[in-house]
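We did not get these values from a lab; they are worked out from the coordinates using the rules stated. Here the structure is a predicted model, which means the values were calculated and not measured. For neighbour counting, all protein chains shown are included, and Cβ atoms are generated from backbone atoms with ideal geometry for every residue, glycine included.
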Amino acid sequence: MADPASPVGLLPGTLDLLILKAVSLGRLNGYAVLLRIEQISGGALHIQQGALYPALYRLEHQGLIDGEWGTSENNRRAKYYRLTAAGRRRLGEEAAGWRRLADAIALALAATPQEVR
Amino acid sequence: VTAGLAGVAARARSLWRGVRRRAAVEAEMAEEFELHQELRAADLVRAGLTPAQAARQARLEFGSSEMHKDAAREARGLHRVDQLRVSWLDVRLGLRMLRRYPALSVVGGLAFALAIAVGAAGFEMMTQLAYPTLPLPGGERIVALRAWDAATARGERRLAYEFATWRGALRTVEALGAYRTVGRNLVVPGGAVASVPVAEISASAFRVAAVPARLGRALGPADERPDASPVLVIGHDVWRTRFGADPGVVGRTVRLDGAPHTVVGVMPEGFAFPLSHAWWAPLRLSASGYAPGDGPTLELFGRLAPGATLGAARAELAALGRRAAAEHPDARAHVRPEVVPFAESIYTKPLGLAIRAELAAANVPAVLFLVLVCGNVAMLTFARAATREGELVVRTVLGASRGRIVTQLFAEALVLGGVAAVLGLAAVGAGLRPFLLAAAGPSDRMAFWIDGRLSPPTVLYAAALTVFGAAVAGVVPALKVTRGLTARLRAASAGGGGPRFGGVWTAVIVCQVAVTVGFPVFAWSAWRESTYYRSAAATVPAGEYLTARLAMDRPTSRRRPATRPRPGRGSGPPARSWRGGSPRSPRCGGSRTPRRCRSPATRGAVWRSRAPRRRRPSPPRSRGSARRGWPTTSSRCSARPCWRGAAFMPGTSPPTPAWWS
């Protein structure tokens, strides 16, 4: 039996959705995106650091997030990402789709033998 | 739709930035990765690790930066660009292949060079012919004025009347001038006699050309007066070749057709206005003027006045043409004057889109020849690639994609093509004008602005041909060789082998390429040989015989009625032997023979037929029959042509009167 407190892996395709959600909450650098996802998932989701940056660059390439260079808290040059209008639309679509899928799966998993007779 | 377009634009922008600023993008990624690890290490230190442990732990958690970079580049869509990128290593490998396979390099390189030279030469000629420009100050404002006879569908060149009229009337064209080219026997003291084309030209030509003399002076208006002493301006080349670049040439006397002329100036190198001239004498027209359609044949030129446009000049000249038609309906009712840029005056018709398209189409055979040659070079490349299968398999095992290997083979072909392009362009730059002169023949003159020099667009075109040729010769065989490479790897591991080209096959392919490439060269050489053997030079010891230039006369005036050939006489071929030239500007049009002109010869004697006079069939009456071989000068000229010519003994002193008489 899996430990309920241990982090779970991501389903394929969900990292982009989580990144869009994270940067929708505020301008973040790459490392902060990682921490924000862990924070908003209650520590349940663990992101492979190597997978983060290709996903960030892919979303930037698609014009869903926009990166710009600024200064970090420790006075280092850092690249900050923010959500674009196209990214906000995509986030809404993906979130709605995810909720429908989750509801459908939850419904399916809650099914009992009496219900299917 | 808007969101889709925005996404496409964002992708294009990102891709363009990754391609153009590859190094900057890589540096930004490295900086971002480094910051990430520092921030993670700081968190680990706060969690209780030592700085060293934290840094190590952060690096371990992050993993390989290079792998993340590759993944990031792939995420940006740059991996395909990377596969197609030709690196310096590929170039070095290509150079190494040139040394390693010398036979292929020589045969393929020469074939490539020939094809690129043909393509570049064709393109350069097309550019110079379709878009001619005068290499003179403000050359685009120099215009030619000419007239078209709608009744005869021919150009009207007896424009002495128009010259006098337009010179005083035109406001949109200034410095109107005229010239005609005449053959003269030149005698330079101490040098050989030669027949040279002399431009009898208005002094305004040198104002129109806006080029000062290198030595002495150009012609001036005073030189055009009938009582002025004969003067001559010479070109740089003849100054160097015939006068030994004598700095004191100004003031020397030469004889043209026996008349002494004083050299008053030397024009700078490259100056050959108006067409390809190197001798300029003042044009002296009759002070009493000419009737329309009378006088010598002339070419008119001028420079657009400041602020005047070509359209305005055309409108003004058309108005003058209408006025002349009204005043002289017998001679000028159907004559339409026109103004064209001078560089385009070598064409009978206005240089329009149709002619330019026709000239551009002449490049198609050159491109097809390039494809043919590159196809043969591709066979060589394929043979070479097949022998390198082991190397390609190893590269595949080490992670090289098929696209990367194809790019490498393309780069090797590009190196070969680059070397060949340099050779081909050098050959074109050095040999195009001599080639054109040789192909045109000694009797044809080429406009000085058709100089055959390479222009930047031609170099770019040659570069494009090189890339195209390299794609044909490199990519096509590379795609063939790399197909199923992984399967052949397994076969090779099991002791099998891939395609192999032995020495015999390689020799056969090399010979085929050599023959393909050598055939046009052989054809050209054969054509030149046949031309030579058809010429008198091959069969006649030219040093022992006279040489001559003959030209048909047109009737001096169309008002003369006696231009119709009479049946039964004077309709045969021209006299078969002659001994001299008729007087300069003889008025012997119509059916008169030189002897019947009853004018004394200024150079030698008029000729007479040595052939027995035989009765010949009646001359053709129609233009169509005239075109079928009768030696009539034109349908309006006599059946017995009137010859003008110049005769001299090459390499000897000028003929004495006693010899000629």
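Quick notes on this one:
- HN-Hα J in Hz across segment B:448-462 - Karplus 6.51, -1.76, 1.60, θ = phi - 60°, x for Gly and Pro: 5, 7, 8, 9, x, 6, 6, 9, x, x, 5, 5, 5, 4, 5
- Candidate cross-link partners of residue B:69 among the aspartates and glutamates, defined by an alpha-carbon separation under 12 Å and a same-chain spacing of 8 or more, comprise B:26, B:28, B:31, B:32.
- Exposure proxy ranking, count of Cβ atoms within 10 Å, fewest first, for B:204, B:229, A:24: B:229, A:24, B:204
- With contacts taken as Cα pairs under 8 Å at a separation of at least 6 residues, segment A:44-98 carries a relative contact order of 26 percent.
- Taking the helices alone, chain A has a mean residue ellipticity at 222 nm of -17500 deg cm²/dmol, built from -39,500 (n - 2.57) per DSSP H run of at least 4 residues and averaged over all its residues.
- Three-way shape label, segment B:93-247, alpha-carbon gyration tensor, a/c 1.5: prolate
- Amide H contacts of residue B:193: B:651, B:652, each under 5 Å away and 5 or more positions distant or on a separate chain (H built 1.01 Å from N in the peptide plane; Pro and chain starts excluded).
- Inter-part distance where segment B:365-430 and segment B:16-80 are each reduced to a Cα centre, Å: 38
- Taking amide H as placed 1.01 Å from N in the peptide plane, residue B:261 has its amide H under 5 Å from the amide H of B:254, B:255, B:256, each at least 5 places away in sequence or on another chain.
- For segment B:125-209, size of Cβ-based charge dipole, Lys and Arg +1, Asp and Glu -1, in debye: 100
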